[in-house]
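The values are calculated or read from the model by the stated rules, or taken from the named source; none is laboratory data. As the structure is a prediction and not an experimental result, all values here were calculated from the model. Counting neighbours? That spans all protein chains shown, and the Cβs are built from the backbone with ideal geometry, glycine included.
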Amino acid sequence: MSALFIITRLDPRDDALETEAWNLGYEVVRESLLVTEPGVDATWLADRIAAIPDGTGLAWTSRRAANVLALTLPREYLKLNRVPLYALGEESAGPLRLNGISPFIPGEGQGAAELAEFIAKRAAADGVHRVIFLHGNRSLPDLPDGLKARGIDVEFLQVYKTRFVTADVSGLEVALEEGAPIMAAFFSPSGVEALERFLTPDSRTRFRERAVAMAKGPTTARALEQRGYRTVLVPERAVPFDRYMKEALHSPSGERP
């Protein structure tokens, strides 16, 4: 009875992780559970950036939002170099860094609430009293709520939306029936919701009790814990998630690496 490893997205960055799991004897389920589409404000994002006044910054918590922002380049390159930009971590900053623009980040292993605190501490030095939040249709309110609580005005731009898609998770149902060890990597709260849609209430309960759930960051970890997952792993600050997952695969019982 082989252990099962679930990767809840299809991304080339996970190729080495899949290979590692197969070499360790895992059965691997790797499915795309969400698709990304332009949000209602995506078409006029470049125009909004061009008109950003002094005292306003841009912030986002996902790579999806950063990908949309990167589409405004090279047209708005000079403008974005003058606007304070804030991203959750290296992954969400990546699309801008590839284009020679460096957003401020609080450090790896931080959540949206910590990003709000980070922005607030920098606000006076950066000359920021208003932040435009680039978000999706399923984004959580942690960042805007944290900014508002610290006296920073927030403008919302929905630059992308995610939609659930059909996936084959029959291997998970088999593992639950056979009692096989299960590990699952989650990259967002939406990914957790997307996977659970395919499970019956009984299977969902067993999955939450038995699976070792690895969370990309504290926001996803909190979403898992709130749903009742018994074993939730999340890397410490400054520990890359891919390295953390590879180490965790050597301990399918859920012992922290």
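Residues in the stretch 87-113 that are free of Cβ contacts under 8 Å to residues at least 60 places away in the same chain and touching a Pro at 6+ places or on another chain (Cβ under 6 Å): 3 in all.
Glu177 versus (1) under 30 Å from Arg48 (Cα atoms); (2) exposed (fewer than 14 other Cβ atoms within 10 Å of the Cβ): which is the lone unmet condition? With (1) under 30 Å from Arg48 (Cα atoms); (2) exposed (fewer than 14 other Cβ atoms within 10 Å of the Cβ) applied to Glu177, the lone miss is (1). State whether the residues of the stretch 218-237 include one that is over 16 Å from Pro181 (Cβ atoms) and either of a type in the set (Ser, Thr, Tyr) or assigned by TED's automatic domain parsing to the domain that holds Pro106 (or both). Taking every residue of the stretch 218-237 in turn, at least one turns out to be over 16 Å from Pro181 (Cβ atoms) and either of a type in the set (Ser, Thr, Tyr) or assigned by TED's automatic domain parsing to the domain that holds Pro106 (or both). Filter the stretch 21-51 down to residues that are over 22 Å from the mean Cα position of the chain (by Cα) and charged (D, E, K, R) and give me whichever is surrounded by the fewest Cβ atoms within 10 Å (Cβ to Cβ). The residue in question is Asp47.
Listed by position, the helices (runs of 4 or more DSSP H) inside the stretch 81-166 whose residues that are buried (at least 19 other Cβ atoms within 10 Å of the Cβ) and modelled with pLDDT under 95 number at least 1 are 90-97, 112-126. For the subset of the stretch 167-207 comprising residues that are of a type in the set (Asp, Glu) and in a helix (DSSP H, G or I), which member is nearest to Gly89 (Cα to Cα)? Among them, the one singled out is Glu193. Looking at (1) surrounded by fewer than 17 Cβ atoms within 10 Å (Cβ to Cβ); (2) in contact (Cβ under 8 Å) with a residue 60 or more places away in the chain, find the lone condition where Phe186 falls short. Condition (1) is where Phe186 drops out. Quick one: in the stretch 176-189, of everything that is small (Gly, Ala, Ser) and modelled with pLDDT of 95 or more, which residue is nearest to Pro235 (Cα to Cα)? Per the criteria, the residue is Ala185. Please work out if Asp54 is buried (at least 16 other Cβ atoms within 10 Å of the Cβ) and either assigned by TED's automatic domain parsing to the domain that holds Ala194 or in a loop (DSSP other than H, G, I, E, B) (or both). Here the answer is no, as Asp54 does not meet what is asked. Only residues that are without any contact (Cβ under 8 Å) to a residue 40 or more places away in the chain, buried (at least 22 other Cβ atoms within 10 Å of the Cβ) and either assigned to a helix (DSSP H, G or I) or of a type in the set (Val, Ile, Thr) (or both) were counted across the stretch 208-233, and they come to 2.
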